[in-house]
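Bear in mind these aren't lab numbers, they're just calculated from the coordinates by the rules spelled out. Values in this document were obtained by computation on a predicted structure and should not be read as measured data. Methodologically, a virtual Cβ is constructed for each residue, glycine included, from the backbone with ideal geometry; neighbour enumeration extends over all protein chains shown.
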Amino acid sequence: MNAENFIPHSRPFLGDSEQVALAGVIASGRLAQGPRVELFERSLAAFVGVEGGVAVGSGTAALEVALLALGVESGDEVIMPSFVCAAPLVAARRIGAVPRIVDIEPDTYAIDPVAAKQAVSPRTGAIVVPHLFGLPADMSRLIEIGVPIIEDCAQTLGAAQEGQAVGTRGIATICSFYATKLLCTGEGGMILSDDEDLLSRARSMREYDEQPSIDAGSFNHKMTDLQAVLGLSQMERLPSFLERRGAIARRYAEALGAHQPQSPVIPDDRTHVFYRYVIRVDRPLDDLIERLGQDGVDCRRPIFRPLHQYLHLSGFPETERAFQTALSIPIYPALTPQEIEHIVKVLEEEFR
Ligand SMILES: *Cc1c(COP(=O)(O)O)cnc(C)c1O
């Protein structure tokens with residue numbers, strides 16, 4: 001395979017509308033946080049179905065600001081699953097909070113509500129609930145625990161459990177617009193909420209000057225209008241992006257059939273938007289990733305390293321099992337029909 005035929009694990013989908021939008025901001029001479037950031041906040045809040053949003057520089061910054069705006073303090077505990085990228089751990093530690101890592105459910109890879117409940121203590125400040133790979137976590141059971149929930153929608157927008165959209169049920173929700181996420185602004189993030197007080201605290205922490213007060217945690221977390229117009233262009237295309245992801249997922253499911261490897265599990269009460277297509281395999285992952293790469297398909301472990309491994313903790317059997325058996329294959333709207341058929345052919349050769 002030469003480099004031209006190599007299919008990357010992810011790739012943004014940018015086009016003329018993004019180019020035109022960016023040129024407009026440059027022509028306006030107003031590059032930093034301005035009217036487009038505000039418009040992007042209102043548009044995404046409306047799409048998700050909440051009152052408002054506060055745009056910041058990254059999803060990790062959004063987690064940090066959301067925790068602070070919620071009133072989580074140094075020494076408080078923040079419950080989070082082990083099988084997630086390091087952002088929630090990094091955000092909690094930056095504000096001096098103590099991460100309480102819990103295991104996941106085997107089929108959905110989502111935080112286990114029973115384990116989350118067992119981890120609650122008098123010092124619990126929040127639970128961070130990532131909706132991983134495009135599938136909502138079990139919010140109905142997590143809400144019953146009675147602890148404030150921050151929904152992490154960095155990988156999932158537009159999906160629902162029991163007809164209730166992700167991002168509308170926690171006290172706050174965070175998003176990421178990193179280059180390879182559902183919506184891309186290069187780097188970027190947002191805090192979303194129905195709680196006006198929480199949003200206004202987040203807004204005042206985003207900048208260091210000309211604020212009613214300098215809250216603990218205030219910093220320069222601003223997004224730029226250059227990023228926001230990219231976000232606005234991408235939002236117009238989001239429904240078609242999600243449709244395309246669904247169509248590619250159906251093609252993969254049909255090709256893989258009902259046996260090994262196992263296709264993503266979608267519980268009856270939920271919808272999946274396929275940010276990732278994560279299959280469960282029955283053979284050593286590193287060798288498999290190497291073989292598929294030689295055939296031109298860049299597959300990855302969906303999580304680089306579980307959080308309990310960073311912290312040298314033991315006893316997370318479902319996370320360990322997922323780490324050993326879960327494989328993410330390329331799925332994104334920029335994939336061409338030829339690329340999709342090549343991926344299907346390579347998977348069929350490997351698994352049939
Ligand atoms: C990407 C991601 C983040 C962090 O977002 P950044 O914009 O990269 O800081 C947080 N949580 C999850 C689940 C993510 O996938």
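Quick notes
- Partner aspartates and glutamates whose Cα lies under 18 Å from the Cα of Lys181, excluding those fewer than 8 positions away in the same chain, are identified as Glu18, Glu41, Glu151, Asp152, Glu236, Glu243, Asp298.
- In a DSSP loop and with at most 15 other Cβ atoms within 10 Å, the GluC sites (Glu not before Pro) in segment 1-86 are Glu51, Glu73.
- Dipole magnitude for the chain: computed about the Cα centre from +1 point charges on Lys and Arg Cβ and -1 point charges on Asp and Glu Cβ, it is near 300 debye.
- Rg/Rh for segment 158-307 (Cα atoms only, Rh after Kirkwood) is 1.05.
- Neighbour-count order for Thr156, Thr108, Thr325, fewest beta carbons within 10 angstrom listed first: Thr325, Thr108, Thr156
- Peptides ranked, highest mean first, by Cβ atoms within 10 Å: ranges 79-86, 262-269: 79-86, 262-269
- Whole-Å distance, taken between Cα centres, linking segment 161-220 and segment 267-339: 28
- Normalised size of the chain, defined as Cα radius of gyration per 2.2 N^0.38 Å with N residues, equals 0.99.
- Cα gyration tensor shape of segment 115-230, rounded if a/c is under 1.5, else prolate or oblate by comparing a/b with b/c: oblate
- Nitroxide proxy distance, nm - points 7 Å out along Cα→Cβ at Ser121 and His259: 4.8
- Summing Lys and Arg as +1 and Asp and Glu as -1 over all other residues whose Cβ lies under 11 Å from the Cβ of Val56 gives a net charge of -1.
- Translational diffusion coefficient (Stokes-Einstein; Kirkwood radius from C-alpha pairs) of segment 125-183 at 20 °C, 1.002 mPa s, in µm²/s: 187
- Cα gyration tensor, segment 185-272 - rounded (a/c under 1.5), prolate or oblate: prolate
- The charge dipole of segment 183-247, taken about the Cα centre with unit charges on the Cβ atoms of Lys, Arg (+1) and Asp, Glu (-1), comes to about 400 debye, rounded to the nearest 20.
- Gyration tensor (alpha-carbon) shape descriptor, segment 1-101, a/c threshold 1.5: oblate
- Gyration tensor over alpha-carbon atoms, segment 200-239, equivalent ellipsoid semi-axes in Å: 28, 10, 7
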